[in-house]
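Chemist: Quick one: this structure, given as structure tokens, is what I'll be asking you about.
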Amino acid sequence: MKLYGSLTSPFVRHCRMVAMETNADIEFIEIDASTSAVKSPTKRMPFFEDGELFLSDSSAIVRYLRECAGQSFCSSVIELDQLCLVNTLLEVTTNLFFLQRDGITGEGSPYIERQKARLESILEIINGFELPTQAPYSDVQLRLASYMGWSLLRNMQSFDKYPNIKIFYQGIQSYPPFAQTQPPTT
């Protein structure tokens, strides 16, 4: 099995944590955006190979790793919906990050303002979730922690208004798969 991605990607980080949790024998191959643009039909990372199997989405990769280990992935429609909420946070925030990096601030753009409002709305909902302060963690929670770590690294989101989320994040810091997948800060 081969997992392709960046050490800073929150999507990749979730896959790496699940690989650790499931003791999957995975070779991690670090790539950049130009490589994913050529090798993945989605032009993003991560992507994954296991023999003839090729997966191009982190949720599919996580599900595959869980199933290979005899574990479940999003065992209820509520859990799946929660994962989709966190995925929306990730997608919106990464899009805003890359727009900002390209010098597009969106001042006066109704579309970008709506995206920012989506972030706040979803964070308010997630702040109301029951979030543990110690393992075990669900895939929703691993994805949320990956998002938070990346967002803080990139200075994209403050979580000061969300005390439940902040307490959760403090607790997961000592979880070995989370601590061992901490992206480089430079």
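Chemist: Checking the conditions here, which among Gly108, Gly171, Gly149 is buried (at least 16 other Cβ atoms within 10 Å of the Cβ) and out of contact with any helix residue (DSSP H, G or I) (no Cβ under 9 Å at 6 or more places or on another chain)?
Modeler: Going through Gly108, Gly171, Gly149 in turn, the sole match is Gly171.
The rows are residues; the columns are (1) under 13 Å from the mean Cα position of the chain (by Cα); (2) among the hydrophobic types (A, V, I, L, M, F, W, C).
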position: Ser72; (1), (2): no, no
position: Ser76; (1), (2): no, no
position: Asp81; (1), (2): no, no
position: Leu85; (1), (2): yes, yes
position: Glu91; (1), (2): yes, no
position: Thr94; (1), (2): yes, no
position: Gln100; (1), (2): no, no
position: Gly103; (1), (2): no, no
position: Tyr111; (1), (2): no, no
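Chemist: Exactly one of these conditions fails for Glu49: (1) modelled with pLDDT of 95 or more; (2) within 17 Å of Thr181 (Cα to Cα); (3) not in a helix (DSSP H, G or I). Give me its number.
Modeler: (2)
Chemist: Here's something else I'd like to know. Have a look at Glu113, Glu124, Glu107 and point out the one that is among the acidic types (Asp, Glu), modelled with pLDDT under 95 and in a helix (DSSP H, G or I).
Modeler: Within the list Glu113, Glu124, Glu107, the selection yields Glu113.
Chemist: Name the residue that is surrounded by the fewest Cβ atoms within 10 Å (Cβ to Cβ), counting only residues in the range 26-78 that are without any contact (Cβ under 8 Å) to a residue 40 or more places away in the chain and of a type in the set (Asp, Glu).
Modeler: Glu52
Chemist: If you don't mind, there's one more thing I want to ask. Considering the range 1-45 alone, what residues qualify as being outside any helix (DSSP H, G or I) and among the hydroxyl-bearing types (Ser, Thr, Tyr)?
Modeler: If the condition is that a residue be outside any helix (DSSP H, G or I) and among the hydroxyl-bearing types (Ser, Thr, Tyr), then Tyr4, Ser6, Thr8, Ser9, Ser40, Thr42 are the ones that fit.
The values are calculated or read from the model by the stated rules, or taken from the named source; none is laboratory data. In this text the structure is predicted, and so the values were computed from the model without any measurement. A quick note on method: Cβ atoms are made from the backbone with ideal geometry, for glycine too, and the neighbour counts reach across all protein chains shown.
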